[in-house]
Amino acid sequence: MEDEIRELCNTIRETSFAIHGYLRHGHQEKVYENALANRLRKLSLDIKQQYPLQVSDEDGTLLGSYYADLYVDNKLVVELKACSILTGEHVAQLLGYLRATRIEHGLLINFGSPRLQIKKYILDKTEN
């Protein structure tokens, strides 16, 4: 499983760099979301855009849904940004989504700066 996730993250990383090299920074987040989804689908990955992931309370009660920018191969949440720099709030947002949905792996990608930013996060299951 870890090798699959590592390979998947590398594919997304390489694809994101190619997109950033082509489009550069300055577009709205939705443009980058569509570009990444399009290119990853061409690689035969299962890509869901604005995919509702259920958020549950500790007793399993459904509290609502979070809409993942991209949900890849039913195992990786990808949160996209188009801002000048990633902040602690962006990291907290992704980690909160991972905890609430009990999904272990996430990528935070910022296309909005002159230099592409990509960070991978793994939910520590002992925190739940």
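Where a number appears in this text, it was derived from the coordinates with a stated rule and is not lab data. This is a predicted model, so every value here is computed, not measured. Backbone-built Cβ (ideal geometry, glycine too); neighbour counts: all protein chains shown.
Could you list the trypsin sites (Lys or Arg not before Pro) in the stretch 1-104 that lie in coil according to DSSP, counting only those with at most 14 other Cβ atoms within 10 Å of their Cβ?
Passing both the DSSP loop test and the Cβ count: Arg24, Lys75, Arg102.
So what's the back-of-envelope 222 nm ellipticity for the chain, counting only DSSP H runs of four-plus at -39500 (n - 2.57) apiece and dividing by all residues, rounded to 500?
Dividing the helical sum by the residues of the chain leaves -13000 deg cm²/dmol.
Determine one quarter of the surface area of the Cα convex hull of the chain, which equals its mean projected area, and express it in nm² to one decimal.
7.7 nm²
Which one, Gly88, Gly64, Gly112, has the greatest fluctuation when you compute a Gaussian network model over the chain with C-alpha springs under 10 angstrom?
Taking springs between Cα atoms under 10 Å, the residue moving most is Gly88.
What's the lysine pair count for the chain at a Cα cut-off below 19 Å, pairs eight or more apart or interchain?
12
Between the stretch 83-102 and the stretch 32-64, what is the separation of their alpha carbon centroids in Å?
15 Å
Can you figure out the FRET efficiency of Val31 with Cys83, using R₀ = 22 Å and their beta-carbon distance, to the nearest 0.05?
0.95
Quick one: if you stick a label point 7 Å off each Cα along the C-beta vector at Asp3 and Tyr22, how many nm between them?
Here the answer is 3.0 nm between the modelled labels.
Mind listing the long-range amide H neighbours of Val55? Cut-off is under 5 Å, sequence gap 5 or more, other chains count too, H placed in the peptide plane at 1.01 Å from N.
Leu63, Gly64, Ser65, Tyr66
Residue by residue, what Karplus-based ³J(HN,Hα) values in Hz, rounded to whole numbers, does the stretch 9-24 have, using 6.51, -1.76 and 1.60 with θ = phi - 60° and x for Gly and Pro?
Computed from phi, the couplings for the stretch 9-24 are 5, 4, 4, 5, 4, 4, 5, 5, 4, 5, 5, 5, x, 7, 8, 6 Hz.
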